Amino acid sequence: MQKIVNQIKELEIIEEELNSNPVGILAALVEGDQVNQISTTFLYIDKNVYIFFNEGNEVYEKLQFDNLSTFTVIGDGEKIKAKKFNFKPTYNFVSISITGMLKKIEEIKTLKELKSNYIKKYNKELSNEITSSSLINVIMIDSEEIQAFEEYGG
């Protein structure tokens, strides 16, 4: 079995994948200095990742803010024109990891804008009025590093 891994450096390609992918995995410190991983929906805006939690969410209550966290998205499909292979690839995927400080979003105007963008991304049929209790708490990964790779193998 062979595999080829290419780094994706074009921000446009990375952002397209982040904006089109509905789910990713947050890896963050929780109480007791343990790393917790959760799969979740998200928004990607201006090189930052925003994640929404409902009121009373246990994971949200245990998060340790102002610590490094990572958010990873895995997608399929060819993002970079691959060179000719000396084997026939049987799989192909793209992985993007964003690392940065985990922060709470508390400013009311920002919260309203983020909630509106979230609803536009995930539920096109809702009106502009935001009433969902599942969008109460918002966190941000203030990105310090974005790494993206495409892998072919077979």
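Angle, helix 108-122 long axis vs. longest principal axis of the chain, Cα atoms, 0 to 90°, nearest 10? Computed tilt is about 50 degrees. Listed by chain and number, the lysines whose alpha-carbon sits under 16 Å from that of LYS88, ignoring those within fewer than 8 places in the same chain, are LYS3. For the options ILE108, ILE74, ILE14, a Gaussian network treatment of the chain with springs between C-alpha atoms closer than 10 Å singles out ILE108 as fluctuating the most. Sorted fewest first by neighbouring Cβ atoms within 10 angstrom, PHE71, PHE85 come out as PHE85, PHE71. The calculated 222 nm mean residue ellipticity attributable to helices in the chain amounts to -5500 deg cm²/dmol, summing -39500 (n - 2.57) over DSSP H runs of n ≥ 4 and dividing by all residues.
Taking other Cβ within 10 Å of each residue's Cβ, how do SER39, SER20, SER143 sort, fewest first?
So the ranking, lowest neighbour count to highest, is SER39, SER20, SER143.
Cross-link reach is defined here as a Cα-Cα straight distance under 19 Å, omitting same-chain residues fewer than 8 places apart; for LYS120 the aspartates and glutamates meeting it are GLU15, GLU16, GLU17, ASP46, GLU129. Enclosing the Cα atoms of the chain in their convex hull gives a volume equal to 128 cubic angstrom per residue. Largest GNM mean-square fluctuation across THR70, THR110, THR41, computed for the chain with C-alpha springs under 10 Å, falls on THR110. Per-residue 3J(HN,Hα) values for the stretch 137-151, derived from phi via the Karplus relation 6.51 cos²θ - 1.76 cosθ + 1.60 with θ = phi - 60°, read 9, 10, 10, 9, 9, 7, 4, 10, 8, 10, 10, 9, 9, 10, 10 Hz in sequence order (x marks Gly and Pro). The magnitude of the dipole of the chain, with charges of +1 and -1 set on the Cβ of Lys/Arg and Asp/Glu and taken from the Cα centre, is near 640 debye. Computed from Cα positions, the angle between helix 11-20 and the longest principal axis of the chain comes to roughly 60 degrees.
Throughout, read-outs are computed from the coordinates displayed, never taken from laboratory work. Note that the structure is a prediction, hence the values are computed from the model and not measured. Counting neighbours? That spans all protein chains shown, and the Cβs are built from the backbone with ideal geometry, glycine included.
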